[in-house]
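Read through the structure below, which is laid out as structure tokens, and then see the notes.
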Amino acid sequence: MEQSLVIAMVGILGIGAQWVAWRTGWPAIVLMLAAGFLAGPVLGLFDPEHAFGDLLDPMIAIGVALILFEGGLSLDFRELRHAGDGVWRLVLLGGPIAWVLGAFAAHSIGGLEWPVAILFAGILVVTGPTVVMPLLRQSSVKARPAAILKWEAIVNDPIGALFAVVSYEYFRKVAEAPGSGLIEVVPPLVIAAIIAGLIGYVAAAAIAWAFPRGAIPEYLKVPVLLTSVIVVFVLSNQIEHEAGLVAVTVMGIALANMNITSLRSIHPFKQNIAVLLISGIFILLSASLEFEELAYLNWNFGLFLLALLFLVRPATILLSLLGSSVPWNERLFLAWIAPRGIVLVAISGLFALRLEDIGYDGTALIGLSFAVVVVTIVAHGFTIDFVARLLDLKGSKRPGVIIVGSTPWTISLALMMKELKSPVMIVDPSWQRLALARQKGLPFYHGEILNEATEHNLDLTA
């Protein structure tokens with residue numbers, strides 16, 4: 001089949017699945033995986049690996065990088081005023097705890113040999129912003145637990161990839177030179193991650209300097225931004241495999257917190273790009289599955305999935321948040337919600353091939369990663385609303401007020417509404433006019449109220 005026809009079919013299936021998800025309220029990722037699986041291994045309509053050959057892996061890698069960058073652009077440091085304690089604990093403590101517990105579960109319950117189990121557990125640290133953020137919008141969870149889940153999903157994605165890189169490099173060096181230790185592997189990788197982060201930050205600073213000064217014309221801002229992300233990703237990956245994920249995440253977070261007014265006008269476009277990339281990547285990955293890879297799924301893996309849901313994730317949350325300021329109902333909610341997405345599948349497929357090169361059977365990782373994605377999304381996607389309601393974490397039911405326009409009079413009205421304990425939000429397309437709202441500590445949204453993207457970006461939870 002011609003490549004152009006395959007691209008057209010991927011677009012139809014991906015966007016079609018998104019549309020069905022919108023009409024039915026079902027998790028979009030499940031429908032996309034089903035559509036790709038039917039089109040690929042079941043009906044044999046197309047084979048992505050045959051159609052794109054060696055270009056498939058770099059296409060997916062760049063797509064994942066752009067998705068992580070887009071996710072980083074949604075992270076505002078102001079959210080850390082309420083959620084910072086939980087976020088830092090889940091990143092610094094939760095990541096290593098999940099890695100260790102996941103490795104024991106994958107080996108003792110899933111039956112994977114230790115090197116494969118350790119590498120796969122590192123990848124399982126990721127929770128996937130491409131599925132977490134739509135679920136949060138769907139369920140209207142309160143601001144703090146929603147912010148913790150969002151930050152964890154985006155920040156832990158490159159961390160999980162680095163855990164996998166550390167595992168792979170260690171076992172590769174041991175295979176080449178028995179007796180090698182972690183001291184020979186970890187420091188170079190840490191240095192590479194730091195350098196990659198600096199590259200991402202420098203790129204963000206350059207854009208933050210150039211855009212407001214008119215150095216880039218308006219019609220070139222989106223192309224320059226997307227090209228910069230790809231260049232930063234590829235350049236960082238030359239330093240170390242998967243270090244590019246760190247670079248683009250840092251780049252996105254840095255840009256999000258530099259208050260670049262001109263960037264806000266391209267938010268709708270970047271969201272459209274993210275939707276297209278997510279749809280295309282999921283269709284391509286699920287269509288690439290083969291029945292031989294699914295044959296590795298057995299009752300051992302079924303028990304491992306149950307352990308992942310009911311033992312590994314709850315233990316990770318409860319241990320990492322022990323003694324924190326996060327209330328217990330929020331801890332229980334976080335202990336249940338951990339859907340996986342694109343990054344898990346993409347990185348698992350990449351390392352499955354690399355493990356075979358050093359003498360380990362990583363074929364099971366491909367089918368198992370899809371199983372984890374489907375099970376976690378179905379389990380969490382269909383229960384998040386119920387669990388949030390059960391734990392009293394739904395957004396405020398009291399009607400709030402959106403005030404369009406930031407003026408002295410509307411600021412006074414908002415302050416009065418705040419004194420009456422009524423939720424209030426000021427919306428204005430001018431960052432300068434919002435200065436008074438920021439000074440008074442009022443909730444605000446910078447954007448055009450009639451813009452369709454505002455419906456998705458505006459946080460209406462309390």
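Assorted remarks:
- Any hit, region 333-354, residues being loosely packed, with under 15 Cβ neighbours inside 10 Å, touching a residue at least 12 places away in the same chain (Cβ under 8 Å) and either of a type in the set (Val, Ile, Thr) or within 24 Å of Pro134 (Cα to Cα) (or both): no
- Residue list for region 412-433, restricted to those being among the acidic types (Asp, Glu) and free of Cβ contacts under 8 Å to residues at least 12 places away in the same chain: Glu419
- Pairs where the first residue, in region 120-131, is in contact (Cβ under 8 Å) with a residue 24 or more places away in the chain and the second is part of a loop (DSSP other than H, G, I, E, B) and of a type in the set (A, V, I, L, M), C-beta under 7 Å, 6+ apart: Phe120/Leu112; Thr127/Ala338
- Of all residues in region 363-399, those satisfying the criterion of being in a loop (DSSP other than H, G, I, E, B) and buried (at least 17 other Cβ atoms within 10 Å of the Cβ) are Thr363, Leu391, Leu393, Gly395.
- Within region 177-210, the residues that satisfy the criterion of being within 17 Å of His241 (Cβ to Cβ) and free of Cβ contacts under 8 Å to residues at least 40 places away in the same chain are Glu184, Val185, Val186, Pro187, Val190, Ile191, Ile194.
- Considering the conditions (1) more than 23 Å from Asn156 (Cα to Cα); (2) at pLDDT 90 or above; (3) surrounded by fewer than 22 Cβ atoms within 10 Å (Cβ to Cβ), Val234 is excluded by exactly one of them, (1).
- Any chance Val91 is part of a helix (DSSP H, G or I), of a type in the set (Val, Ile, Thr) and closer than 30 Å to Ser324 by Cα: yes
- The residue that is nearest to Thr383 (Cα to Cα), among those in region 35-48 that are buried (at least 18 other Cβ atoms within 10 Å of the Cβ) and hydrophobic (A, V, I, L, M, F, W, C), is Ala35.
- Hey, Ala175 part of a helix (DSSP H, G or I) and surrounded by 20 or more Cβ atoms within 10 Å (Cβ to Cβ) or not: no
- Restricting attention to region 7-19, the residues being farther than 26 Å from Phe233 by Cα and surrounded by 15 or more Cβ atoms within 10 Å (Cβ to Cβ) number 6.
- Hits in region 317-332 - residues which are free of Cβ contacts under 8 Å to residues at least 24 places away in the same chain and either within 27 Å of Ile29 (Cα to Cα) or in contact with a Ser or Thr (Cβ under 8 Å, 6 or more places away or on another chain) (or both): Arg331
- So Val125, is it at pLDDT 85 or above and not in a helix (DSSP H, G or I): yes
- The requirement of being among the small types (Gly, Ala, Ser) and touching an Asp or Glu at 6+ places or on another chain (Cβ under 6 Å) is satisfied by Ala147.
The rows are residues; the columns are (1) assigned to a helix (DSSP H, G or I); (2) farther than 17 Å from Val345 by Cα.
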| position | (1), (2) |
| --- | --- |
| Gly14 | yes, no |
| Gly44 | no, yes |
| Met59 | yes, no |
| Ile62 | yes, no |
| Leu66 | yes, no |
| Gly86 | yes, yes |
| Gly102 | yes, no |
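- For region 137-172, the set of residues classified as among the small types (Gly, Ala, Ser) and either under 19 Å from Leu92 (Cβ atoms) or crowded, with 24+ Cβ neighbours inside 10 Å (or both) consists of Ala146, Ala147, Ala153, Gly160, Ala161, Ala164, Ser167, listed by residue number.
- Which numbered condition Leu75 fails, given (1) at pLDDT 85 or above; (2) in the same structural domain as Lys142 (by TED's automatic domain parsing); (3) crowded, with 20+ Cβ neighbours inside 10 Å: (1)
The values are calculated or read from the model by the stated rules, or taken from the named source; none is laboratory data. It should be emphasised that the depicted structure is a prediction, and the values quoted were computed from it without experimental measurement. FYI the Cβ positions are ideal-geometry reconstructions off the backbone, even for glycines, and counts take in every protein chain you see.
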